[in-house]
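Data block below; observations after.
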Amino acid sequence: MADAEPVRTTEHEEVKRAELLLELYVKAQALTDKELYDYVLDKAVELTGSTIGFFHKVAEDQNTVILTTWNAAALESCDASYDTHYPVTDAGNWLDCLRQGRPILYNDFPKSPNQKGLPEGHTPLKRFMSVPVWEGNKVRYIFGVGNKPKDYGEPDVVQTQLIANELTKIMMQRRAEFELKESEERLSLATRSAGIGVWDW
């Protein structure tokens, strides 16, 4: 079996990616987690030429999706109601990327497998792509985009995976900094408490 052809990108696409990553790191310094999620999702929708998109977290047990954010166009065209947490067992094929642990492309969504139907009021889907974002041996996030005017392909996967990976690095760094700060605060509290104890004694 022949090796798969590598994904070829133009110089313009490479420059656009580099600019995006630089902008992401600069903006990330001033954005809250939610603002960062929204920003990265908007870029994923833009880079893939999609109309709608979502970004959701995956719970530690990998059995629940924590519904996190949708892009503005998706919210405007969709009036379906959602709970905060969505069991994986209840979800249709929009979560196949989590179940299979790989990017999923459905370029004829009405005829795609494993459907369980969409909630009443949900935006109709013509095409759909979802990408899992791994951290270690677990999927931590899911990007989903839909309704691109033409078929999704490998370049769309590469674009989305690129910014998803960078987001993961930023979030890991934030968690590490938060844990370090907490550790320093605990140490400081313990030191002060020990000093008080010695003084009382």
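Readers should treat all values here as calculations from the given coordinates under stated rules, not as data from a laboratory. Worth saying up front: this structure is predicted, and the values here are computed from it rather than measured. Note that each Cβ is placed from the backbone with ideal geometry, even for glycine, and that neighbours are counted across all protein chains shown.
Side notes on the structure shown:
- Gyration tensor (Cα) of the range 49-157, equivalent ellipsoid semi-axes in angstrom: 20, 17, 13
- Size check on the range 23-73: the Cα extents along the three principal axes, sorted descending, read 33, 27, 15 Å.
- Our coupling estimate for the range 38-55, obtained by passing each phi through the Karplus curve with A = 6.51, B = -1.76, C = 1.60 and θ = phi - 60°, is 4, 5, 5, 4, 4, 5, 5, 5, 5, 5, 8, x, 8, 9, 10, x, 9, 9 Hz, Gly and Pro reported as x.
- Per DSSP, loop chymotrypsin sites (Phe, Trp or Tyr not before Pro) in the range 47-156 with at most 16 further Cβ within 10 Å: Tyr82
- Debye intensity ratio I(q)/I(0), log10, the range 134-181, q values 0.13 Å⁻¹ (C-alpha model): -0.42
- Karplus (6.51, -1.76, 1.60) ³J(HN,Hα), θ = phi - 60°, over the range 99-111, in Hz, Gly and Pro reported as x: 5, 9, x, 8, x, 10, 10, 10, 8, 9, 4, x, 10
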